[in-house]
Amino acid sequence: MYSMRDKSALQELIESDEFANRLNIDRKTYGLVFDKRTLNAIYEIIKKFDIDYIDFPISSGKESLIFKVKMVKGPDRVLKIYKMSTLKFSNTMTYIKGDYRFDKEKINRTNLVFVWAQKEYTNLVELKKVKANVLLPFWFYKNVLLMSYLGTKSSPARQIKDVSTDMALLYKNLKKQMYIMYNKAGIVHADLSEYNILYYRKKPYIIDVGQSVSIKHPMAEVFLQRDIKNVVTFFSHKGVQCNEQELYNYLKGDKND
Ligand SMILES: Nc1ncnc2c1ncn2[C@@H]1O[C@H](COP(=O)(O)OP(=O)(O)O)[C@@H](O)[C@H]1O
Ligand SMILES: [Mg+2]
C-alpha cells in the first residue's frame with residue numbers, strides 16, 4: 001500500500017519494480033506510458049479527488065491502462081490512463097472528424113490523446129443523462145479519466161464473454177441499453193463487442209466509449225451495423241435466437257420506449 005498524498009510517493013511507486021512487474025510491462029513501454037505529463041496528470045487527479053492509493057491494475061491494453069483506486073472516503077473508483085504514444089493518428093481521427101461535438105478542435109499528434117479522454121468523458125456524461133447503465137465519469141484531465149468502478153473489493157466485474165447466465169435475458173437487457181444509447185443519447189458505440197460490455201449486478205454495462213460518435217457522424221451507420229454484427233455473432237454462438245436485421249429494426253424503431 002502506498003500513500004498517494006505527495007508526488008514523490010507517487011513517483012516512487014511508479015518507478016518501483018513491483019509496480020512495473022504487476023503491470024507486466026517492460027521498461028520501454030513503461031517509459032512511454034508514464035512520461036512526465038502523465039505523471040503530472042495522475043498527480044493532479046489524485047490531489048483533486050482525494051485518492052488514497054492505487055489499488056491494483058485491472059487491465060493493460062494497447063491504448064490504455066485501467067487501475068482500481070482507493071479513495072480516502074467513499075467507494076472505489078477507476079483511473080483510465082490513455083497511452084500517449086500508441087493512439088494511431090489517422091485511425092483515431094476517423095472517430096473525431098465528422099463528430100460535430102469534437103471536430104472544431106485543432107488536433108495534432110500531441111493533443112490527440114487529450115481530446116480522446118475528453119471524448120470518452122463527454123460520451124459518458126451524455127449516456128448518464130439518459131440513464132443508461134454506464135460508468136459514472138467524475139473528471140478528466142489531460143490523458144487521465146476518473147470514473148466509477150464496477151466490481152467487488154477483490155475482482156472487477158467480468159466482461160460478458162466470461163459470464164455464464166441466462167444469455168437470452170442478458171441479450172434482451174443489452175438491446176434496451178443499445179436502444180437508449182442510440183435513440184436517447186444519439187450515440188453509436190463503434191467498438192461494441194463482448195469485451196466492452198461488463199456484467200454487473202445482473203445487468204449489462206456498456207463501457208469503453210472513447211471512440212463512440214454522434215449518430216450524425218457520416219460513418220455512424222457503418223459503425224452501427226458493425227456493432228450489431230458483433231453483438232449478434234456473440235449471442236448466436238451462445239445459443240440465443242437473434243439476427244442482425246431484427247436488432248437493427250429494433251434500434252431504428254420508435255415503439256420501444
Ligand atoms: N470502471 C471499471 N470497472 C471495472 N472494470 C473495468 C472498468 N473500466 C474498465 N474495466 C476493465 O478494463 C478493460 C479495459 O477497459 P476499456 O475501457 O475497455 O479500455 P481499452 O480501450 O483498453 O479496451 C475492460 O474490458 C474491463 O474489463
Ligand atoms: Mg475495451
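Overview of results
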{"item": "Burial order of peptide ranges 224-233, 107-116 (average beta-carbon count within 10 Å, highest first)", "result": "224-233, 107-116"}
{"item": "Karplus 3J(HN,Hα) series, Hz, for the range 236-246 with 6.51 cos²θ - 1.76 cosθ + 1.60 (x for Gly, Pro)", "result": "4, 4, 8, x, 7, 6, 7, 8, 4, 4, 4"}
{"item": "Relative contact order (%) - the range 106-257, alpha-carbon pairs under 8 angstrom, separation at least six", "result": "23 percent"}
{"item": "Protection proxy ranking, peptides 140-153, 58-71, average beta carbon neighbours within 10 Å, highest first", "result": "140-153, 58-71"}
{"item": "Amide H partners (placed H, <5 Å) of Lys83, local residues excluded", "result": "Ser64, Leu65"}
{"item": "Theoretical gain in end-to-end length, Lys128 to Leu39 [0.36 nm per residue, Cα-Cα removed]", "result": "29.2 nm"}
{"item": "Sequence-distant residues sharing a close amide H with Asp55 (under 5 Å, placed H)", "result": "Lys68, Val69, Lys70"}
{"item": "Using θ = phi - 60° and Karplus 6.51 cos²θ - 1.76 cosθ + 1.60, couplings along the range 159-176 (whole Hz; Gly, Pro as x)", "result": "6, 5, 5, 9, 9, 10, 7, 5, 5, 5, 5, 4, 4, 4, 5, 5, 4, 4"}
{"item": "Cα-projected label distance for Phe56 with Ser164, points at 7 Å along beta-carbon direction, nm", "result": "2.3 nm"}
{"item": "Packing-based order for 177-189, 36-48, using average beta carbon neighbours within 10 Å, highest first", "result": "177-189, 36-48"}
{"item": "Cα gyration tensor, the range 131-197 - rounded (a/c under 1.5), prolate or oblate", "result": "oblate"}
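Here, each number is a calculation from the coordinates, and none is a lab measurement. What you see is a predicted model, and the numbers here were worked out from it, not measured in a lab. Methodologically, a virtual Cβ is constructed for each residue, glycine included, from the backbone with ideal geometry; neighbour enumeration extends over all protein chains shown.
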